[in-house]
């Protein structure tokens, strides 16, 4: 947009505000559809930018104390720890230049973290305060890798029995399964034309909503879809999300939440939003995105409608159903908070 | 004066509401959907924007619609060569979107065949007919309508269905500077009555503003006008890319890519 045009638009919309003063009272923007609507707060973080800078804000989790942990690839503080009001409580980490994936696993009452580092080509298990407990190098056992550079892990998911699933989302798009001690079990997915294959297997999570049939949901981001596998890697189904470059799936209660990096029709133009699917894998709400519509059971292409986000990369859902959205390559912005309305 | 008012009001609003005050977000531009920007009789365009409480305003041949322009309700039919459709979304509580636009082109003389040098393996287009299949005008460089080249010069040969008095040659290109795709610096047109030995120079178009920074990806047509039209059946196009990406760009000094999806001869 030309500068002149921007000024004119600002003037027009605010001239409206002068005539109708109550617009200030309802100034808060509500995003989303149906029963999943949120008020967005872009000034949630109270971190001092000069002391606790961020680069890409890649992923967020909540620990059992209720704190919100953010992973960034700024090596001055790879992990920032907030309370739910955005007050910075703590920080640690200087050794993760490619900090990308952050997963929390509660093992017999203790919180542990799994960090995927793109640049180190490793997965690192740490205590909640950053003590390194285990490091997984590139998976030679698969027979598919000749050097560590081919392995660019983006995300992990941990099964109730402690098995570790790693998505090599910027490498070979495989999911590699290890036991809790880090011993290789199997791999699946990978690139190709079959339904079981993926393109940009960028994130994954355990789906324990159906207790009798636990499964794994993995994103195939460039295919604008999620793929479901059983815990032994058998392909089960594809959940098509036309238009949406879905990042990691996050399941809380009955719903699946995912940051959408960008709209497929408008690539590399800061066209991201957030999508929410119900138990039947149906999109019920797009935050800053189009109102979901289905024709003959097929979802119409979904896309950004409000420029509230640039490149959302992860959603964290806290114990009060608030969302926190971390963004990649978005002007070093801190996460936003969204409260349900 | 009015604009200054707007700005000071922004500051005022932030001051009085303090923490929790939110920016007014801008709407995203609407989505133009069409099969191709090239048509024989007419082109049909739908505009999508599934955001309750907003309106799409559009017009033809007057870039940058305002709220005085028509509200989109049904598919738009484009019938005239070079018609420019532009659209924008307005809604209460949001800043209006940027303008999106698309220009549509009528097909010209029938082209029997086109020969190109091998395109880059990642951007091979859609087979031999790519540049004369009537498909294109999609801004995404990943669309298989685009043939991508990264060479010092790209020379193309066209054979018309029959000899014609050629007045214009239109080359349809992508500009996506973030992806190192720039408009070429020059297009030269040569013609021959038959065979490919005795070429006559017909015309050229130089692009002096290809190094100027563009905000976003767009399709652009470069038209070479033929000052003294003669009847030709064979046409040779020499396309010189931007050989050195300008200093303001991360790819500075490298040769730029060119992406073509269609050639039209009038």
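Out of A:168, A:210, A:230, A:193, one residue alone is without any contact (Cβ under 8 Å) to a residue 40 or more places away in the chain and more than 30 Å from residue A:109 (Cα to Cα). It is A:193. Candidates in the stretch A:182-193 are the residues that are in a loop (DSSP other than H, G, I, E, B) and touching a strand residue (DSSP E or B) at 6+ places or on another chain (Cβ under 8 Å); of these, the one that is surrounded by the fewest Cβ atoms within 10 Å (Cβ to Cβ) is A:182. Residues that are crowded, with 20+ Cβ neighbours inside 10 Å, modelled with pLDDT of 95 or more and in a loop (DSSP other than H, G, I, E, B) do not occur anywhere in the stretch B:148-162.
Filter the stretch B:69-93 for residues that are surrounded by 17 or more Cβ atoms within 10 Å (Cβ to Cβ) and farther than 21 Å from residue B:220 by Cβ and give the result. Explain how you work it out, then say what you get.
Step one: filter the stretch B:69-93 for residues surrounded by 17 or more Cβ atoms within 10 Å (Cβ to Cβ), giving B:69, B:72, B:76, B:78, B:83, B:85-91, B:93.
Within the stretch B:69-93, B:69, B:72, B:76, B:89, B:90, B:91, B:93 qualify.
Apart from one condition, residue A:262 fits all of (1) touching a helix residue (DSSP H, G or I) at 6+ places or on another chain (Cβ under 8 Å); (2) within 30 Å of residue B:177 (Cβ to Cβ); (3) not in a loop (DSSP other than H, G, I, E, B); the exception is (1).
Just one residue in the set B:141, B:123 is assigned by TED's automatic domain parsing to the domain that holds residue B:174, surrounded by 14 or more Cβ atoms within 10 Å (Cβ to Cβ), farther than 20 Å from residue B:170 by Cα and touching a residue at least 24 places away in the same chain (Cβ under 8 Å); that residue is B:123.
Being closer than 27 Å to residue B:98 by Cα and in contact with a strand residue (DSSP E or B) (Cβ under 6 Å, 6 or more places away or on another chain) is a description that does not apply to residue B:192.
Quick grid of which residues meet (1) buried (at least 24 other Cβ atoms within 10 Å of the Cβ); (2) away from chain B (no Cβ under 14 Å):
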| site | (1), (2) |
| --- | --- |
| A:217 | yes, yes |
| A:223 | no, no |
| A:242 | no, no |
| A:260 | yes, no |
| A:263 | yes, no |
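Check whether at least one residue in the stretch A:315-334 is in contact (Cβ under 8 Å) with a residue 12 or more places away in the chain and within 10 Å of chain B (Cβ to nearest Cβ), and report yes or no. Scanning the stretch A:315-334, I find no residue that is in contact (Cβ under 8 Å) with a residue 12 or more places away in the chain and within 10 Å of chain B (Cβ to nearest Cβ), so the answer is no.
The values are calculated or read from the model by the stated rules, or taken from the named source; none is laboratory data. Just so it is clear, the structure is predicted and the values come from calculations on it, not from any experiment. So basically every Cβ, Gly included, is an ideal-geometry build from the backbone, and we count neighbours across all protein chains shown.
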